[in-house]
Amino acid sequence: MPSWVDGQPLEWLSVKDRGLAYGDGLFETIAVSGGIPALLERHLARLGDGCARLLIDLDLAVVRAELLAFSRELGDGVAKLIVTRGDGLRGYAPPQAGSPRRILQGSAKPAYPAGNAELGVRLFPCATRLAEQPLLAGIKHLNRLEQVLARAEWQDAEHAEGLMLDASGRVIEGVFSNLFLVQDGVLLTPDLSRCGVAGVMRAELLAQVQAQGIRCDVRDIGVDALLQADEVFLCNSLYGVWPVHSLQWHQWSVGPLTRKLQVIACDLLDS
Ligand SMILES: C=C(O[C@@H]1C=C(C(=O)O)C=C[C@H]1N)C(=O)O
Ligand SMILES: Cc1ncc(COP(=O)(O)O)c(C=O)c1O
């Protein structure tokens, strides 16, 4: 599988990299089919937002051209882009005149069980809570220890994903997915202004339902509202949409709006 650093085929980088030292950077995980990166502009928009908020001076035109070339070489698989602030000396202070580093890693698409999409998944109730930090909320930065700790809470194949709450007990997202629920025909998804990753599939589904006149509210959601929902589903930029059928003793059926959005997500990833 190909691996590039700053546009050149390479499988190693400087030990002075601030992404390694402090998680000082961002990443995007992009599905590639037939040499085409899916949802490319949404990935670039989120990356650009993150760079602006972290004050990383990145030329998105260079990134776009590199991703297109890398995807052509990869063909089918996953293109993982990591952008760090580049090299630095010891200490947190960002270098005044830095040079961001672009890392591209190719891998095969994950072989998720077909039943995840067809029948739905069971959620593990993660004990790890998401810290509330509005300065970092929404962006896909490299500080993923909360997700590492949450994913380490279960090893069985029965649970395909975990449910993550914030420190105040609000429903936020999965460990590697965003979450939606349907209540009385209205789509709901958690507000991510305090924590969580604003996924590109979430953004695309929100745009699609708005275009179709389907009401969708982005707001705080408690566990009670989740349990009372008619439908629950997860989404991300690799698998599209997975219905959720259970969490501990609670069960949900796979509903019509979930199936409708699953078709849309599948088309987006296979195009
Ligand atoms: C953790 C990564 O990316 C996340 C994981 C998935 C997945 O495993 O389906 C998809 C997109 C991201 N939410 C990663 O290391 O790329
Ligand atoms: C913590 C977290 N939440 C949500 C998502 C879904 O984001 P996307 O739709 O961009 O894959 C991901 C995947 O990157 C993630 O790691």
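The values are calculated or read from the model by the stated rules, or taken from the named source; none is laboratory data. These numbers were taken from a predicted model, which means no experiment stands behind them. So basically every Cβ, Gly included, is an ideal-geometry build from the backbone, and we count neighbours across all protein chains shown. Just the protein is used for accessible areas: all its heavy atoms, side chains included, with ligands, DNA and RNA removed. Shrake-Rupley method; radii C 1.70, N 1.55, O 1.52, S 1.80 Å.
Can you put 216, 51, 266 in order of accessible area, largest first, using a 1.4 Å probe? Write out the running numbers ahead of the final one.
Details: 216 35, 51 5, 266 70 Å².
Ranked list, largest accessible area first: 266, 216, 51.
Specify whether the C-alpha gyration tensor of the stretch 219-265 places it in the rounded, prolate or oblate class, a ≥ b ≥ c being the square roots of the eigenvalues: rounded for a/c under 1.5, otherwise prolate if a/b is larger than b/c and oblate if not.
Working: a/c = 1.89, a/b = 1.62, b/c = 1.16.
Cα axes put the stretch 219-265 in the prolate bin.
With all pairs of different alpha carbon atoms counted, what Kirkwood hydrodynamic radius in Å does the chain show?
19.3 Å
Please list 230, 224, 24 from largest to smallest accessible area, probe radius 1.4 Å, with all protein chains kept in place.
If we order 230, 224, 24 from most to least accessible, we get 224, 230, 24.
Any idea what the relative contact order of the chain is, in percent, if you count C-alpha pairs under 8 Å spaced at least 6 apart?
With pairs under 8 Å counted, the relative contact order is 20 percent.
Can you tell me which lysines have their Cα less than 24 Å from the Cα of residue 80? Leave out same-chain residues fewer than eight positions away.
16, 109, 140
Around residue 186, with a cut-off of 12 angstrom between Cβ atoms, what is the net charge of the other residues, counting Lys and Arg +1 and Asp and Glu -1?
Overall, the nearby charge balance is -2.
Considering only 177, 107, 71, give the residue with the highest GNM mean-square fluctuation for the chain, with springs between Cα atoms whenever their separation is below 10 Å.
Result for the chain, Cα springs under 10 Å: 107 fluctuates most.
Using 0.36 nm per residue of separation minus the Cα-Cα distance, give me the extension gain between residue 215 and residue 80 in nm, one decimal.
Taking 0.36 nm per residue and subtracting the Cα distance, the gain is 45.3 nm.
What net charge is computed for the residues neighbouring residue 55, neighbours being all others with C-beta under 15 Å from the C-beta of residue 55, Lys and Arg scored +1, Asp and Glu -1?
Values: positive: 18, 53, 85; negative: 24, 49, 57, 59.
My count for the surroundings of residue 55 gives -1.
Which listed residue (43, 165, 21) has the Cα farthest towards the positive end of the charge dipole for the chain, taking +1 on Lys and Arg C-beta and -1 on Asp and Glu C-beta about the Cα centre?
21
Which value in deg cm²/dmol, rounded to the nearest 500, describes the helix-derived mean residue ellipticity at 222 nm for the chain, given -39,500 (n - 2.57) per DSSP H run of n ≥ 4 and division by the residue count? Mind showing how you got there, number by number?
Numbers: 8 runs with 80 residues, N = 271.
Using -39500 (n - 2.57) per qualifying helix, the result is -8500 deg cm²/dmol.
Looking at 179, 152, 134, which one has the Cα that reaches farthest to the positive end of the dipole of the stretch 114-270 (charges on Cβ: Lys, Arg +1; Asp, Glu -1)?
Result: 134, furthest along the dipole toward the positive end.
At 0.36 nm per residue, and after removing the present C-alpha to C-alpha distance, how many nm does the segment from residue 53 to residue 6 gain when stretched out fully?
Stretched out fully, the residue 53 to residue 6 stretch lengthens by 14.7 nm.
In nanometres, what is the gap between the two model label sites at residue 168 and residue 260, each 7 Å from Cα along Cα-to-Cβ?
3.1 nm
Would you mind getting me the FRET efficiency between residue 183 and residue 156? Use the beta-carbon distance for r and R0 = 25 Å, nearest 0.05. Write out the running numbers ahead of the final one.
Values: r = 30 Å, r/R0 = 1.19.
With R0 = 25 Å, the Cβ-Cβ based efficiency is 0.25.
Give the shape of the stretch 73-124 as rounded, prolate or oblate, defined through the alpha-carbon gyration tensor: a ≥ b ≥ c are the square roots of its eigenvalues, a/c under 1.5 means rounded, and otherwise the shape is prolate if a/b is larger than b/c and oblate if not.
Cα axes put the stretch 73-124 in the oblate bin.
What FRET efficiency would be calculated for the residue pair residue 99, residue 193, taking the C-beta separation as r and a Förster radius of 41 Å, to the nearest 0.05?
Numbers: r = 32 Å, r/R0 = 0.77.
According to the calculation, E is roughly 0.80.
Quick one: net charge of residue 33's neighbours, Cβ under 15 Å, K/R +1, D/E -1?
Local net charge: -2.
Determine the shape class of the stretch 114-270: with a ≥ b ≥ c the square roots of the Cα gyration tensor eigenvalues, call it rounded for a/c under 1.5, and otherwise prolate if a/b is greater than b/c, oblate otherwise.
On the way: a/c = 1.37, a/b = 1.18, b/c = 1.16.
Verdict is rounded for the stretch 114-270.
Just want the answer: with Cβ charges of +1 for Lys and Arg and -1 for Asp and Glu, which residue in 34, 243, 189 is farthest toward the dipole's positive end in the chain?
In the chain, that residue is 34.
Pull out the extension gain between residue 225 and residue 127, defined as 0.36 nm times the separation in residues minus the alpha carbon to alpha carbon distance; nm, one decimal.
The residue 225-residue 127 span can extend by a further 33.4 nm.
Which of these, 162, 35, 115, has the largest mean-square fluctuation under a Gaussian network model of the chain (Cα springs below 10 Å)?
Top of the fluctuation ranking is 115.
Which helices of the chain meet both criteria: a Cα extent of 18 Å or more along the helical axis and a mean Kyte-Doolittle score no lower than 0.0, with helices taken as whole DSSP H segments?
Working: long enough: 40-54 (21 Å, -0.21); 60-74 (20 Å, 1.00); 256-270 (21 Å, 0.47).
Helices passing the filter in the chain: 60-74, 256-270.
Anyone know which of 88, 34, 213 comes out most mobile in the 10 Å Cα GNM of the chain?
213
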